[in-house]
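Notes follow the structure.
Quick note: the coordinates plus some simple rules give every number you see, no bench work behind them. Note that this is a predicted model, so its numbers are computed, not measured. Don't worry about glycine lacking a Cβ; one is built from the backbone with ideal geometry, like all the others, and counts go over all protein chains shown.
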Amino acid sequence: MNVALNLVAVTTIIRKEFIRVLRIWIQTIVPPAITMTLYFIIFGNLIGRRIGTMEGFDYMQYIAPGLIMMSVITNSYGNVVSSFFGAKFIGHVDEMLISPMSNGAIIIGHVAGGVLRGLLVGGLVTVIALFFTRLEVAHPLVMVSIVLLSSIVFSLAGFINAVFAKKFDDISIVPTFVLTPLTYLGGVFYSISMLPEFWQNVSKANPILYMVNAFRYGILGTSDISIMHAYTILIGFIVLLFSACVFLMRRGVGIRE
Amino acid sequence: MNALTIRNLSKTYDNGNQALKGIDLNVEAGDFYALLGPNGAGKTTAIGIISSLVNKTAGDVEIFGHSIDTELEAAKSCLGLVPQEINLNLWDTVGNIVTNQAGYYGIGGKEARRRVEKYLRALRLWDRRDDISRTLSGGMKRRLMIARALVNEPRLLILDEPTAGVDIEIRRSMWEYLQEINAAGTTIILTTHYLEEAESLCRHIGIIDEGRIIEDTKMSTVLRKLQHEVLILSLANAVCEAPQLDGFNTKMLEDCELEVEKGPERDINDLFKQLDAHNIRVVSLRNKANRLEELFMRLVKNKHSTGHTA
C-alpha cells in the first residue's frame with residue numbers, strides 16, 4: 001500500500017468534509033446550537049430549579065456533559081451518514097472508488113470528517129453551556145479521550161448506515177428510532193441510580209450510557225459506571241465497526257454492483 | 001504492450017441478467033479505440049469492471065500489465081474515467097472537484113494546483129473554477145468530467161459517451177483535445193453513439209452486442225468490409241434523367257442531386273470517368289449515411305437475424 005498516496009487522499013477527504021460542514025453551516029452548526037440552548041433553558045434552568053441537585057451537583061451542571069456528548073454523537077453520526085450517502089446518491093462516490101486510495105483511507109477520511117463536525121458542534125455547545133453553568137474539568141485526559149472515541153464510534157456507525165442506505169428515508173431511520181431513544185435513556189438527564197435495579201441493569205446494555213457517564217466523569221468527576229468499562233466498550237466498538245466497514249467496502253456492499 | 005487486456009470476462013447481475021458472456025479484448029498502448037454497441041450491449045458493464053465500479057463474475061482484466069485482482073492500486077493509478085452519467089458533486093465548486101480528484105490519487109499541494117489550472121484551462125473552465133458545478137451547462141459539466149479524469153494524467157483514459165448532449169462546436173473542440181492527448185501518448189477507449197465521432201477519432205474498433213464482442217479490428221479493415229456505399233452527388237447543372245452508368249445504380253433525388261450506389265468492385269475514379277462522358281459535372285460528394293453507421297447496423301442486424309454469436 002502506498003502510504004504517502006493514502007495520506008494525501010485522507011487529507012483531501014477531511015478537507016472536503018470540513019468545507020462541506022462550513023458551507024452548509026445553517027444545517028450543520030446552527031440547529032444543534034439552538035436545540036441545546038433550548039435544553040439548557042427548559043430542562044436546566046426552568047425544570048432544573050425545581051429538581052435541585054443530582055449526585056451532589058446543580059442539575060444544570062449535571063446535564064451539561066450529557067448534552068455536550070449528545071450533540072457530539074448525533075453530529076458525528078449525521079455528518080458521515082449524510083455525506084457518504086449523498087455521494088452515493090449523486091454518484092460522485094465513484095471519484096473515490098476508481099482512485100487508487102485504499103478502502104481504509106475512504107473510511108478514515110469520512111470518520112475524521114464526522115469527528116471534526118462532532119467536536120466543532122460539541123465545542124460550540126460547551127461554550128453555550130458556560131453561559132448557563134460553571135464547568136470545571138476534573139479529568140481533562142478522560143474528557144478528551146472519551147469524546148474522541150465516542151465520536152469515532154458514531155462516525156463509523158454512520159458510515160455503515162450510509163453503505164446500506166438506498167434512499168433518503170434510510171438515513172433517518174437509525175437516528176430517529178435507535179440513536180435518539182438510546183441517547184435519552186443513556187443517562188443524559190438522570191443518574192441510573194434513581195432507577196429500580198431491573199432498569200438499572202437494562203440501562204447497562206445501552207452503550208451510550210457508558211459514553212455519557214465517562215464524559216461526565218471527565219468533567220464533573222462523577223459516574224454511574226466504571227471508566228474502564230467505558231474505555232473497553234468504546235475500543236471494542238471501534239474495532240468491531242471499523243472491521244465491518246472494511247468488510248463492506250471490500251465486498252462492495254451498497255456501492256459496487 | 002497492451003494498455004488493456006481482457007480475458008474471458010463475464011458478468012451476471014443478481015437479477016440473472018448476463019451482461020457479459022466471456023469477452024476478450026486487447027487495446028494496445030497509445031491506441032484510440034472505439035467500443036461500440038447498441039444500448040444494453042454490455043459496454044458500460046465492461047467499463048464498470050475495468051474501473052472497479054462493478055464486480056466481475058469471472059475472467060481477468062489487466063491495465064498496463066497490472067491485474068485488477070492482484071495489483072488493484074497500480075491498475076487504478078493508470079486509469080482515468082469519464083462516466084456516461086453526470087456524477088459531479090453538484091454543491092462543490094469546479095476547482096474543488098478537480099482538486100479533490102487529484103488528492104484521491106495522492107497528488108496534493110503545488111502539483112495539484114498546477115494540474116487543476118492546466119486541465120481547467122485546456123477544457124475552457126478556468127474562468128468558472130469558483131462556480132458551483134450545478135450552475136454549469138450540460139456541455140460544461142461534460143468538460144468538467146474530462147478535466148477531472150485527466151488530473152491524474154492517466155495512461156489509459158476511458159470515455160463513456162463523453163459528447164452526449166454536447167453541441168457540435170464544443171464536441172469538435174473536445175475531439176481536437178482528445179486527439180492531442182492521444183498524440184501525447186494517452187491510450188483512449190471511447191464509447192459513443194455518434195459513429196461519425198468514432199470513425200474520425202479511432203484507429204481500432206470493437207463492437208459489442210448482447211454481451212459478446214462481434215468485431216474487434218482496425219477501423220480501416222472494418223470499413224473495407226462495407227460492401228456497398230451510397231453516395232450523394234451535387235451536380236453543377238440540372239439533369240432531367242439519371243444517367244445509366246456501368247456498374248453503378250443511379251437515381252435522381254432532385255434536379256441537381258444524384259444518388260449513386262457503388263459496389264466494392266468499382267472505384268470512384270471509374271464513376272467520375274463515366275459522369276464526364278455524360279457531360280455531368282460534380283460540385284460535391286458525400287456519403288448518404290455515415291459509413292461506420294451503415295456497417296454497424298449491418299453487423300448488429302445480421303447477428304440478430306442469423307442468431308450468430310462470435
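Which of B:Leu144, B:Ala198, B:Gly165 sits farthest toward the positive end of the charge dipole of the range B:2-224, with +1 on the Cβ of Lys and Arg and -1 on the Cβ of Asp and Glu?
B:Leu144
Only four residue types carry charge here, +1 at the Cβ of Lys and Arg and -1 at the Cβ of Asp and Glu. Report the dipole size of the range B:2-224 about the Cα centre in Debye, rounded to the nearest 20.
Magnitude of the dipole: close to 560 debye.
Excluding A:Ser191 itself, what net charge comes from residues whose Cβ is under 11 Å from its Cβ, given Lys and Arg +1 and Asp and Glu -1?
Local net charge: -1.
Sorted from fewest to most neighbouring beta carbons within 10 Å, what does the list B:Tyr119, B:Tyr104, A:Tyr59 look like?
A:Tyr59, B:Tyr119, B:Tyr104
Run the simple label-point estimate for A:Leu240 and B:Lys225 please: 7 Å along Cα→C-beta, distance reported in nm.
Roughly 5.9 nm, to one decimal.
For chain B, with a Gaussian network of springs between Cα atoms less than 10 Å apart, report the residue from B:Ala102, B:Ala198, B:Ala74 with the top mean-square fluctuation.
Greatest mean-square fluctuation among the candidates belongs to B:Ala74.
Just to confirm a number: summing +1 for Lys and Arg and -1 for Asp and Glu over residues other than A:His110 whose beta-carbon lies under 14 angstrom from that of A:His110, what do you get?
Every neighbour counted, the sum reads +3.
Let me spell out the model: positive unit charges on the Cβ of Lys and Arg, negative unit charges on the Cβ of Asp and Glu, origin at the Cα centre of the range A:1-156. What dipole size does that give, in debye rounded to 20?
I would put it at about 260 debye.
Charges only on Cβ, +1 for Lys and Arg, -1 for Asp and Glu: so what's the dipole of the protein assembly as shown about the Cα centre, in debye to the nearest 20?
Computed about the Cα centre, the dipole is about 1560 debye.
Any idea which of B:Val61, B:Gln18, B:Val222 is furthest toward the positive side of the dipole for the range B:2-224, if Lys and Arg beta-carbons carry +1 and Asp and Glu beta-carbons -1?
Checking the options against the dipole of the range B:2-224, the answer is B:Val61.
Working out 0.36 nm times the residue gap between A:Leu141 and A:Ile24, then minus their Cα-Cα distance, what length gain in nm do you get to one decimal?
Contour length minus Cα-Cα distance gives 39.0 nm.
For n ≥ 4 DSSP H runs only, could you compute -39500 (n - 2.57) per run for chain B, divide by its residues and tell me the 222 nm figure to the nearest 500?
Helix contribution divided over all residues of chain B: -10500 deg cm²/dmol.
Could you work out the mean count of beta carbons from other protein chains within 10 Å of each residue's beta carbon in B:75-87?
The mean count of partner-chain Cβ atoms within 10 Å per residue comes to 3.
Enumerate the amide H contacts of B:Leu20 below 5 Å, restricted to partners 5 or more residues apart or on another chain; note that Pro and chain-start residues carry no placed amide H.
Those qualifying (amide H under 5 Å, at least 5 residues apart or on another chain) are B:Lys11.
In deg cm²/dmol and to the nearest 500, what is the mean residue ellipticity at 222 nm of chain A if only DSSP H runs of at least 4 residues count, each as -39500 (n - 2.57), divided by the residue total?
-23500 deg cm²/dmol
Give the order of A:Cys245, B:Cys78 when sorted by the count of other beta carbons within 10 angstrom, beginning with the fewest.
B:Cys78, A:Cys245
Show me, for the range A:80-87, the HN-Hα J-couplings you get by feeding each phi into the Karplus relation (A = 6.51, B = -1.76, C = 1.60, θ = phi - 60°), rounded to Hz, glycine and proline as x.
5, 5, 6, 5, 6, 5, x, 5
Could you tell me which residue out of A:Val163, A:Val72, A:Phe131 lies farthest along the dipole of the range A:3-251 toward its positive end? Charges go on the beta carbon: Lys and Arg +1, Asp and Glu -1, centred on the Cα centre.
A:Val163
Let me confirm one metric for peptide B:95-101, namely the mean number of other chain beta-carbon atoms within 10 Å of its residues' beta-carbons.
Taking all residues of B:95-101 together, the mean is 4.
Got a sec? How would B:Glu161, B:Glu153, B:Glu169 order by Cβ neighbour count within 10 Å, fewest to most?
B:Glu169, B:Glu153, B:Glu161
For the range B:2-224, what is Rg from Cα atoms divided by 2.2 N^0.38 Å, rounded to two decimals?
With N residues counted in the range B:2-224, Rg over 2.2 N^0.38 Å equals 0.99.
What residues have an amide H closer than 5 Å to that of B:Asn249, excluding those fewer than 5 places away on the same chain, when H is modeled at 1.01 Å from N in the peptide plane?
B:Glu261
For the protein assembly as shown, evaluate the Debye formula with one uniform point scatterer on each Cα (no solvent term) and list log10 I(q)/I(0) at q = 0.06, 0.11 Å⁻¹, rounded to two decimals.
Here the Debye-derived log intensity ratios amount to -0.44, -1.01.
A:Leu135's amide H: which non-local residues (gap 5+, or another chain) put their own amide H closer than 5 Å, with H modeled 1.01 Å from N in plane and none for Pro or chain starts?
Under 5 Å from the amide H of A:Leu135 lies no amide H from a residue far enough along the sequence or on another chain.
Given a cut-off of under 8 Å on Cα pairs at least six residues apart, what relative contact order in percent is computed for the range A:3-251?
Computed over the range A:3-251, the figure is 26 percent.
Span-like helices, chain B: DSSP H, alpha-carbon axial extent 24 Å or more, mean Kyte-Doolittle 1.6 or greater, which ones?
Taking the DSSP H segments of chain B (at least 24 Å long, mean hydropathy at least 1.6), we get none.
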